[in-house]
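In what follows, a structure is listed as structure tokens, so that the remarks can point back to it.
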Amino acid sequence: MSIRPVKRIVEAAPALEGAGVKLRRAFGFGETAEFDPFLLLDDFRNERPADYMAGFPWHPHRGIETITYVLAGTVNHNDSLGNSGALGAGDVQWMTSGSGILHQEMPQGDANGRMHGFQLWANLPAQLKMTKPRYQDVHAREVPEVTDDDGTRVRIVCGDFWGKTGPVDGIAADPRYLDVSVPPGVRKVLPVELDRHAFAYVFEGSGTFRDASAPFGVLTEKDGPVETVAREQTGNRSLVLFDRGDEVVVQAGEQGIRFLLVSGKPIEEPVAWYGPIVMNTQEQLRQAVSELQAGTFIK
């Protein structure tokens with residue numbers, strides 16, 4: 001077994017999206033080859049309704065899948081195909097936009113005005129870019145949760161883990177999407193297949209994503225070499241991008257740690273961006289924009 005080293009750790013950057021929603025962007029819009037098949041991760045977490053109530057009015061999507069995971073508050077959604085609904089705490093929506101869809105997402109806070117959730121974008125391979133749109137709406141009670149002997153809890157949104165399978169299926173990149181909580185002081189080893197890209201996004205507590213059996217600080221030997229052991233402490237809104245390996249090691253801090261652990265098989269195809277429309281070529285983007293203007297975007 002080989003432990004995945006940490007490529008880098010970055011802090012999610014403030015961003016303004018929709019009609020003025022304040023959020024934090026962990027990655028997206030640019031060079032995302034290291035995250036392939038994933039394109040973007042946003043953390044929309046606010047306690048002031050004024051920071052999120054304007055929401056995300058009608059906008060198009062084509063060629064991608066959007067995964068919305070709500071922890072607090074509610075997200076109401078409608079689309080051009082007549083679908084509508086609401087996502088509450090613990091709920092998940094996996095939307096395959098495929099050939100094209102227009103939709104809106106309007107957040108509402110909980111009783112204390114809090115709104116918290118994540119939106120992850122996953123790419124679609126060329127052969128599925130123009131597939132028929134579909135939704136997988138998952139209620140919180142449908143998401144399996146497993147607890148290990150040391151108190152580690154894992155909610156499984158998608159993929160197989162510890163003998164359980166998440167409710168979302170039929171996804172091209174065969175992703176695994178986990179919500180992991182590790183108790184204070186616990187060292188945990190989590191499997192991640194070698195052929196996947198993987199990242200963690202910390203949103204509660206803190207910890208270290210290294211081989212936690214290694215001591216802190218500096219190791220010295222008399223008349224011998226000095227080795228510095230890198231032990232970056234990661235906390236709230238930290239994105240950890242992993243290199244190759246087949247397991248991830250995390251050492252939880254004094255308050256424990258909670259994070260998303262996401263992995264998927266790279267698609268390795270050209271990526272052409274136009275906001276929420278992601279195709280393989282600039283010509284395909286021009287066609288999509290032309291169809292939007294002509295009113296023929298929805299197939």
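In the list VAL189, VAL146, which residue meets the criterion of being of a type in the set (A, V, I, L, M, F, W, C), under 14 Å from VAL248 (Cα atoms) and open to solvent by 10 Å² or more (accessible area, probe 1.4 Å)?
Working: VAL146 fails: under 14 Å from VAL248 (Cα atoms).
Among VAL189, VAL146, only VAL189 is of a type in the set (A, V, I, L, M, F, W, C), under 14 Å from VAL248 (Cα atoms) and open to solvent by 10 Å² or more (accessible area, probe 1.4 Å).
Test of understanding: among LEU71, LEU41, LEU81, LEU102, which residue is closer than 20 Å to TRP273 by Cα, out of contact with any Ser or Thr (no Cβ under 8 Å at 6 or more places or on another chain) and either of a type outside the set (Gly, Ala, Ser) or in a strand (DSSP E or B) (or both)? Please lay out each step first, then the result.
Working: LEU71 fails: closer than 20 Å to TRP273 by Cα; LEU81 fails: closer than 20 Å to TRP273 by Cα; LEU102 fails: out of contact with any Ser or Thr (no Cβ under 8 Å at 6 or more places or on another chain).
On inspection, the qualifying residue turns out to be LEU41.
Are any of the residues in the stretch 87-97 surrounded by fewer than 19 Cβ atoms within 10 Å (Cβ to Cβ) and over 18 Å from the mean Cα position of the chain (by Cα)? Don't jump to the end; show me each part of the working.
First, pick out the residues of the stretch 87-97 that are surrounded by fewer than 19 Cβ atoms within 10 Å (Cβ to Cβ): 88-90.
Now narrow it down to the ones that are over 18 Å from the mean Cα position of the chain (by Cα): none.
Scanning the stretch 87-97, I find no residue that is surrounded by fewer than 19 Cβ atoms within 10 Å (Cβ to Cβ) and over 18 Å from the mean Cα position of the chain (by Cα), so the answer is no.
Any chance you could count how many residues in the stretch 192-211 are of a type outside the set (Val, Ile, Thr), over 25 Å from THR96 (Cβ atoms), part of a strand (DSSP E or B) and open to solvent by less than 50 Å² (accessible area, probe 1.4 Å)? Full working, then the answer.
Going residue by residue through the stretch 192-211, those that are of a type outside the set (Val, Ile, Thr) are 193-201, 203-207, 209-211.
Among the residues that remain, those that are also over 25 Å from THR96 (Cβ atoms) are: 194, 203-207, 209-211.
If we keep only those that are part of a strand (DSSP E or B) too, we end up with 203-207.
Restricting the remaining residues to those that are open to solvent by less than 50 Å² (accessible area, probe 1.4 Å) gives 203, 205-207.
The qualifying residues number 4.
HIS77 fails exactly one of the following numbered conditions: (1) more than 22 Å from LEU124 (Cβ to Cβ); (2) touching a His at 6+ places or on another chain (Cβ under 7 Å). What is the number of that condition?
(1)
So how many residues does the stretch 149-169 have that are without any contact (Cβ under 8 Å) to a residue 24 or more places away in the chain and exposed (fewer than 15 other Cβ atoms within 10 Å of the Cβ)?
Final tally of qualifying residues: 6.
Do the conditions hold for ARG25, that is, is it open to solvent by less than 50 Å² (accessible area, probe 1.4 Å), under 18 Å from TRP94 (Cβ atoms) and modelled with pLDDT of 95 or more? Steps first, please.
Values: open to solvent by less than 50 Å² (accessible area, probe 1.4 Å): yes; under 18 Å from TRP94 (Cβ atoms): no; modelled with pLDDT of 95 or more: yes.
Spelling it out, it is not the case that ARG25 is open to solvent by less than 50 Å² (accessible area, probe 1.4 Å), under 18 Å from TRP94 (Cβ atoms) and modelled with pLDDT of 95 or more.
Can you pull out the residues in the stretch 246-276 that are under 16 Å from ASP174 (Cα atoms) and in a strand (DSSP E or B)?
LEU261, VAL262, SER263, GLY264
How about the stretch 277-296: which of its residues are assigned to a helix (DSSP H, G or I) and either of a type in the set (D, E, K, R) or without any contact (Cβ under 8 Å) to a residue 60 or more places away in the chain (or both)? It would help to see each step written out before you state the result.
Quick first cut of the stretch 277-296, residues assigned to a helix (DSSP H, G or I) only: 282-294.
Hits for the stretch 277-296 are GLN282, GLU283, LEU285, ARG286, GLN287, VAL289, SER290, GLU291, GLN293, ALA294.
Collect the residues in the stretch 240-252 that are surrounded by fewer than 18 Cβ atoms within 10 Å (Cβ to Cβ) and either more than 15 Å from PRO191 (Cα to Cα) or among the aliphatic types (A, V, I, L, M) (or both), keeping them in residue-number order. Step through it out loud before you land on a result.
Of the residues in the stretch 240-252, the ones surrounded by fewer than 18 Cβ atoms within 10 Å (Cβ to Cβ) are 243-247.
Passing the criteria: none in range.
The values are calculated or read from the model by the stated rules, or taken from the named source; none is laboratory data. Computed from a predicted structure; not experimentally measured. Virtual Cβ from ideal backbone geometry, glycine too; neighbours counted across all protein chains shown. For the accessible areas, the whole protein counts, side chains as well, though only heavy atoms, and no ligand, DNA or RNA atoms are used. Shrake-Rupley method; radii C 1.70, N 1.55, O 1.52, S 1.80 Å.
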